Amino acid sequence: MNAAILPTKSLGGQVRIPSDKSISHRAVMLGAVAAGDTKIENFLFGEDCLSTIKVLRALGVQVTVAEQTVLVRSGGMDKLAEPENILDAGNSGTTMRLMAGLLSGCNFFSVLTGDDSLRRRPMGRIITPLTAMGAHVSARAGNSLAPLAIRGGGLRAMEYRTPVASAQVKSAVLLAGLFASGMTTVIEPACSRDHTERMLKYFGARVEVDGPRVSIWGKPNLTGKTITVPGDISSAMFFIAAGITAPEAELELLNVGVNPTRTGALDVLRNMGANITLHNQREISGEPVADLKVRGSRLSGTEIGGEIIPKLIDELPVLAVVAALAEGRTVVRDAAELRHKESDRITAVVRLLTGLGADITERPDGFIIQGGRQLQGTSCESYGDHRIAMAAAVAGLSAQGTTTVKGAECVDISYPGFFDTLNSITKK
Ligand code: S3P
């Protein structure tokens, strides 16, 4: 599907932000290892989270869906059953890496695969610690690429220092740690999103956090809970970016998760001069939530690098679009991880913005943008990557002429209905 975006001067209205993808995955996975019933309200029915549900059903977990609510019924963590067939994580890195952690704890054989994009993404980063804990995991390309064949069980607790700040790696080890007697510890080079830690505590596990050092005590008695999933700040960010770069805009974004391990982009944008305010701050199922007001703003370039990168990693494509529309220079560094996402997001962003007439230079670990040029509408590739497609759409609002986003259906991975919502806030 192609999506055509027309230039728009004025944006207004309210958007209820769709549910958080990371939290939805974790809710259904922890529900699957907690004894009893878990009720998940406001679950994200994007394709990635549906992949997680499919995988869990193949392991014998009862997952039923009624409107926006998901009910997970489980006999507990030792009741997962050997799947009869290979498990397909689709496009979802979170499904593959976190499920590999759980499957490593299970005393049976399983195979995890995914789509073309996921089968190109690095898996050595989870295979190394899971193998060190005692799981037998083998994979293609010298144990680095999916499919992964896992024979789990008999795990030992350990302390693991991961070379990459990644919530998926941290979570894979913590979930495996559930099955090992004693304390398993993960130490990251910088703090990544902490939804797994928060939710494990919510389900009754003993978890201790000391900066980038997280420990879990194995063999807990997890019991089913009711969880309400907040809106996804990574999805909200496309409308925040659209609002602050429009000449006239007043948008209200409702129900946005503002967990401090996810709000790096808000800090960066405020630093660039963005008019974003938080209202009605509250806590939902252990996660901070707020409503946001966003207005058209005068923006200037900035530098983004170091420890903030994991707190805004998924927002960098749309931050690049904002930087191209801001006055002055923006430098993004220390973000080589972007090359290992659903697409190589450094190359994808550089091609997208170059095609639209922006001044951007690729670097091994990021890019440099000289902002302020008028963008020109053109035909843009999405590379099958939901966040590139949505970033291209936001750029199109400020470009002259029509911007066409090719393969736009990939937005369904994290934001079904994105283009309808975008239309609804556009004042014709
Ligand atoms: C995610 C962690 C991040 C992020 C991804 C979702 C998660 O990946 O980019 O979209 O749910 O844990 P990494 O752990 O690879 O950095």
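Read-outs throughout are calculated quantities, based only on the coordinates presented, and are distinct from any laboratory measurement. Model, not experiment: these values are computed from the prediction. Cβ sites come from the backbone with ideal geometry, for glycine too, and all protein chains shown count toward neighbours.
A few points about this structure:
- Ordering 25, 136 from the fewest to the most neighbouring beta carbons within 10 Å gives 136, 25.
- Normalised by the number of residues in the stretch 1-153, the mean separation of alpha-carbon contacts (under 8 Å, six or more apart) gives a relative contact order of 18 percent.
- Chymotrypsin sites (Phe, Trp or Tyr not before Pro) within the stretch 76-178, DSSP loop, no more than 14 other Cβ atoms inside 10 Å: 108
- Interchain or long-range residues, amide H under 5 Å from residue 193's placed H: 167
- Here residue 120 and residue 363 are evaluated by their C-beta separation; at R0 = 22 Å the FRET efficiency comes out at 0.55.
- Computed on the Cα trace of the stretch 209-266, the radius of gyration divided by the Kirkwood hydrodynamic radius gives Rg/Rh = 1.17.
- Under Stokes-Einstein, with the Kirkwood radius over Cα pairs as Rh, the value for the stretch 186-341 at 25 °C and 0.890 mPa s is 145 µm²/s.
- Whole-percent P(r), the stretch 254-310, all Cα pairs, 10 Å bins from 0: 22, 47, 28, 3.
- The ellipsoid equivalent to the alpha-carbon distribution of the stretch 301-428 has semi-axes of 22, 17, 13 angstrom, derived from the gyration tensor eigenvalues as √(5λ) and listed largest first.
- Contour minus Cα-Cα distance for residue 82 and residue 298 (0.36 nm per residue): 72.1 nm
- In plain terms, the bigger the Kirkwood radius, the slower the diffusion; for the stretch 37-146, with that radius from Cα pairs, at 10 °C and 1.306 mPa s, Stokes-Einstein puts D at 109 µm²/s.
- Mean residue ellipticity (222 nm) of the chain, computed from DSSP H runs ≥ 4 via -39,500 (n - 2.57), nearest 500: -9000 deg cm²/dmol
- Summarised as an ellipsoid, the stretch 6-99 has semi-axes of 30, 16, 10 Å, derived from the eigenvalues of the Cα gyration tensor scaled by 5 and square-rooted, with the largest first.
- Potential lengthening between residue 73 and residue 282 on full extension [0.36 nm per residue; Cα-Cα distance subtracted]: 72.4 nm
- Within the stretch 274-428, antiparallel bridges make up roughly 75 percent of the DSSP beta bridges whose residues both belong there.
- Stokes-Einstein D for the stretch 148-214, Kirkwood Rh over Cα pairs, 4 °C, 1.567 mPa s (µm²/s): 105
- Calculated FRET value between residue 334 and residue 109, using beta carbons and R₀ = 35 Å, to 0.05: 0.35
- Checking every one of the trypsin sites (Lys or Arg not before Pro) in the stretch 274-380 against DSSP loop status and a limit of 16 other Cβ atoms within 10 Å picks out 298, 333, 373.
- Those residues of the stretch 63-89 whose amide nitrogen sits under 17 Å from the label point placed on residue 424, 7 Å along Cα→Cβ: 68
- Calculated on alpha-carbon atoms, Rg and Dmax of the stretch 306-374 in Å: 11.0, 32
- Measure of compaction for the chain (Cα Rg per 2.2 N^0.38 Å): 0.95
- Efficiency of FRET between residue 16 and residue 347 - r from beta-carbon atoms, R0 30 angstrom, step 0.05: 0.35
- Working from Cα pairs under 8 Å separated by at least six residues, relative contact order for the chain is 18 percent.
- Net length gained if the chain between residue 210 and residue 136 were fully extended (0.36 nm per residue, minus Cα distance): 23.6 nm
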